[in-house]
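I have placed the structure first, in the form of structure tokens, so that the comments after it can refer back to it.
Each reported figure results from applying straightforward, stated rules to the coordinates on display, with no laboratory input. Every value quoted in this text rests on a predicted model; they were computed, and no experiment measured them. Positions of Cβ are backbone-derived with ideal geometry, glycine not excepted, and every protein chain shown enters the neighbour counts.
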Amino acid sequence: MSEWWTYTFSDFLLFSPRTYYRTIERYNGVVWPGHIATVGLGVAILALLGRPAAWRGRTVFTILATLWAWVAWAFLARRYAAINWAAVYFAWLFALQALLLILIGAIRGAVSFRPRRDTAGVLGIGLLVLSVGLYPMLAPILGRGWRQAEVFGMVPDPTAIATLGLLLLAEGSRRWILLVVPLIWCAVSGATLWAMGSPETWLLLLAAALVVGTRTSKVTTITAVSLPHG
């Protein structure tokens, strides 16, 4: 019997990397050509961010909520759960995020978007472009082929990264509530990919770290400026 300190994180995985990516491949085969629609919605989101308007922000949140709900049901609950029992709970977490996006962003309009050229704005657009346009290319670049590509709005990782990017462009105190689930997912999925030896883990962890760092530094700056000088 092995001692507990001899175990590595990968020893606790319920599936092999081959099984994980094969699951994505089979899923892609079933939902194709839906990928075209979700990428199109990603491009539409980028276009809607061009000019500030209340209806544009509500539309963005409606699109995003729909995609989170789709990933929760179609991938996490129906596919990923077959190889990972915890995916059922992740599906509920994604469904919760979809509900929050609808309630806070689409219905109440408590969070809005505006174009910005500061660090947060540049990083936010960068994360959106990465998740919508570049993330699917990682699979063929890493030798897995296009059939195992991870596409925005179809699987969790690029969807979570895009959401983090969008929320960096957002204004409103309740945006912090909408950051919680994407950050949790980046940590969970990043750890899983790390155990599998997948390079994508660094994208997820770096995206989460940059978002937290950018938001924290901004809050600190605003607090320092608003404090009365004695």
Burial ordering of Glu150, Glu200, Glu25, Glu171, fewest other beta-carbon atoms within 10 Å first: Glu171, Glu25, Glu200, Glu150
Where N is the number of residues in the chain, Cα Rg divided by 2.2 N^0.38 Å: 1.06
Cα coordinate range in the stretch 74-179, projected on the principal axes (Å, largest first): 38, 30, 17
Burial ranking of peptide ranges 141-148, 153-160 (average Cβ count within 10 Å, highest at the top): 153-160, 141-148
Dipole moment magnitude, nearest 20 debye, the chain about Cα centre, only Lys, Arg, Asp, Glu C-beta charged: 720
Rg followed by Dmax, in Å, when the stretch 10-67 is reduced to its Cα trace: 17.0, 50
For Leu49, net neighbour charge (Lys/Arg +1, Asp/Glu -1) across residues whose Cβ lies under 12 Å away: +4
Proximal charge balance of Ile161 [Cβ under 13 Å; K/R count +1, D/E count -1]: -3
Helical segments meeting 27 Å axial Cα length and Kyte-Doolittle 1.6 threshold in the chain (DSSP H): 175-196
